[in-house]
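A.B. asks: This is the structure, below, for whatever I ask next.
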Amino acid sequence: MSSNWSRNLKLEQGLKEFIDSLSGKNRSVGTIRAYKADLEQFINWLHLKDISIEFSGDVRKSDIIEYLNYLSQKALTGMSRARKLSAIREYFKYLDGLEYIVKSPTIGIETPKREKNTRTFLYMEEYNMMLSLAGSKPRDFAIIQVFLQTGIRVSELANLKIDDIDLQNYNLKVTGKGMVQRNIELEPKGVQAIKSWLNVRPQSYSDNLFLNYQGEPLSERGIRKIVTKYRKLSGITKKASCHSLRHTFGTYKVENGAPILQVQKWLGHANLNTTQIYVHMVRQNAKKIMKNTSL
């Protein structure tokens, strides 16, 4: 394959082929969507910066460095910039592997440092207030309760199907990252909340568990808006999100003596080190309690 022919692959065509390849690798819908959005943003920026950049072989290492600097000036966190660079790396790695380009322009570019990961969780009075305010809305109440009782990710909750719920055996089947499935035991509170929602759930062509008011599958964005709504109504001022409810689950399970390997299984962590953070959070919380209750 000649370098002249290779250079004539347009960036957008390369992106289309790359995204198609991810589908073939069984990557999750959320991962594919994120890669596509990040790369479209990068390609659009390239075109605005220099209209002569049209083909995959036109992109230089200096362009990517300049893009990362641009993102930094837009106040994007190191974590967000690292994620975007990861997408760009994968894209050019794919092109390089098929010899569309001579070599990847990302070689030698350092990954932006990620800020220390601060995990926000809610105290009992905070999440109980959210549940109380959502009590008259079976769907919203069930969403918050499922987050708290299972610790699943927002993408996993959005993709739950009715058949994933075994109310008789108190079990939830979840499809997580990499399309890996896991089972989570449901507590009676979660089962009752789901039953109450199913009793009023409208008829729909969709088998998704949670629907919007048009009877269509509730999106991740819609779920986030619901959680944000009740957080604000509860007067919670700290930055708490759907992921905070996941952290709340992990923190309280560890705090109440659940084996760390079991918590890892529930949360669907591939690496135990990711789960260990909850042990440290509990220890830090204990130090604060000791300090605040000093005699």
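The values are calculated or read from the model by the stated rules, or taken from the named source; none is laboratory data. Keep in mind that what you see is a predicted model, and the values were worked out from it rather than measured. No Cβ is skipped: glycine too gets one built from the backbone with ideal geometry, and neighbour counts run over all protein chains shown.
A.B. asks: Suppose we filter the range 222-254 for residues that are assigned to a helix (DSSP H, G or I), hydrophobic (A, V, I, L, M, F, W, C) and farther than 13 Å from residue 131 by Cα; how many remain?
C.D. replies: In the first step, residues of the range 222-254 are kept if they are assigned to a helix (DSSP H, G or I); the result is 222-233, 242-254.
Still in the list and also hydrophobic (A, V, I, L, M, F, W, C): 223, 226-227, 233, 242, 245, 249, 254.
In the following step, the residues that additionally are farther than 13 Å from residue 131 by Cα were identified as 223, 242, 249, 254.
So the count comes out to 4.
A.B. asks: Additional query: Quick one: would you say residue 118 is at pLDDT below 95, farther than 30 Å from residue 237 by Cβ and outside the structural domain of residue 210 (by TED's automatic domain parsing)?
C.D. replies: On the way: at pLDDT below 95: yes; farther than 30 Å from residue 237 by Cβ: no; outside the structural domain of residue 210 (by TED's automatic domain parsing): yes.
The answer is no for residue 118.
A.B. asks: From (1) on the phi > 0 side of the Ramachandran plot; (2) surrounded by 13 or more Cβ atoms within 10 Å (Cβ to Cβ), pick out the condition that doesn't hold for residue 108.
C.D. replies: Result: residue 108 fails condition (2) only.
A.B. asks: Let me ask something else. Just to be sure, is residue 216 surrounded by fewer than 14 Cβ atoms within 10 Å (Cβ to Cβ), among the charged types (D, E, K, R), touching a strand residue (DSSP E or B) at 6+ places or on another chain (Cβ under 7 Å) and modelled with pLDDT of 90 or more? Break it down stepwise before answering.
C.D. replies: Numbers: surrounded by fewer than 14 Cβ atoms within 10 Å (Cβ to Cβ): yes; among the charged types (D, E, K, R): yes; touching a strand residue (DSSP E or B) at 6+ places or on another chain (Cβ under 7 Å): no; modelled with pLDDT of 90 or more: yes.
Answer is no for this residue.
A.B. asks: Here's a follow-up. Restricting the search to the range 216-235, which residues are hydrophobic (A, V, I, L, M, F, W, C) and within 19 Å of the chain's Cα centre (by Cα)? Can you show your working first?
C.D. replies: Initially, the range 216-235 is screened for residues hydrophobic (A, V, I, L, M, F, W, C), giving 218, 223, 226-227, 233.
Those that are hydrophobic (A, V, I, L, M, F, W, C) and within 19 Å of the chain's Cα centre (by Cα): 218, 223, 226, 227.
A.B. asks: Among what's in the range 116-162 and is of a type in the set (Ser, Thr, Tyr) and touching a residue at least 12 places away in the same chain (Cβ under 8 Å), pick the residue that is farthest from residue 211 (Cα to Cα).
C.D. replies: Of the range 116-162, the ones of a type in the set (Ser, Thr, Tyr) are 118, 120, 123, 127, 132, 136, 150, 155.
Filter once more, so that each one left must be touching a residue at least 12 places away in the same chain (Cβ under 8 Å): 120, 127, 150, 155.
Details: 120: 27, 127: 23, 150: 19, 155: 14 Å.
Step by step, filter the range 116-162, then rank; the result is 120.
A.B. asks: Contact list please: Cβ distance under 8 Å, first residue in the range 232-256 and over 19 Å from residue 149 (Cα atoms), second residue modelled with pLDDT under 85, pairs at least six apart or on different chains.
C.D. replies: Here the result reads 238/120; 239/120, each pair linking the range 232-256 to a residue that is modelled with pLDDT under 85.
A.B. asks: For the range 88-106, enumerate the residues that are more than 26 Å from the chain's Cα centre (by Cα) and of a type in the set (Ser, Thr, Tyr). Let's see the steps before the verdict.
C.D. replies: Initial filter on the range 88-106 (more than 26 Å from the chain's Cα centre (by Cα)): 95-105.
Result: 100, 104.
A.B. asks: I've got another one for you. In the set 83, 89, which member is out of contact with any strand residue (DSSP E or B) (no Cβ under 9 Å at 6 or more places or on another chain), in a helix (DSSP H, G or I) and within 30 Å of residue 227 (Cβ to Cβ)? Reasoning before the result, please.
C.D. replies: Details: 89 fails: within 30 Å of residue 227 (Cβ to Cβ).
Going through 83, 89 in turn, the sole match is 83.
A.B. asks: Residue 81 - would you say it is surrounded by 19 or more Cβ atoms within 10 Å (Cβ to Cβ) and either basic (Lys, Arg) or within 30 Å of residue 213 (Cα to Cα) (or both)? Full working, then the answer.
C.D. replies: Details: surrounded by 19 or more Cβ atoms within 10 Å (Cβ to Cβ): yes; either basic (Lys, Arg) or within 30 Å of residue 213 (Cα to Cα) (or both): yes.
Answer is yes for this residue.
A.B. asks: Of the residues 59, 102, which is crowded, with 16+ Cβ neighbours inside 10 Å and either outside the structural domain of residue 273 (by TED's automatic domain parsing) or free of Cβ contacts under 8 Å to residues at least 40 places away in the same chain (or both)? Don't jump to the end; show me each part of the working.
C.D. replies: Details: 102 fails: crowded, with 16+ Cβ neighbours inside 10 Å.
After ruling out the rest, the residue left standing is 59.
A.B. asks: What are the residues in the range 17-31 that are under 22 Å from residue 154 (Cβ atoms) and either in contact (Cβ under 8 Å) with a residue 60 or more places away in the chain or surrounded by fewer than 16 Cβ atoms within 10 Å (Cβ to Cβ) (or both), if any?
C.D. replies: Selection gives 23, 26, 27, 28, 29, 30, 31.
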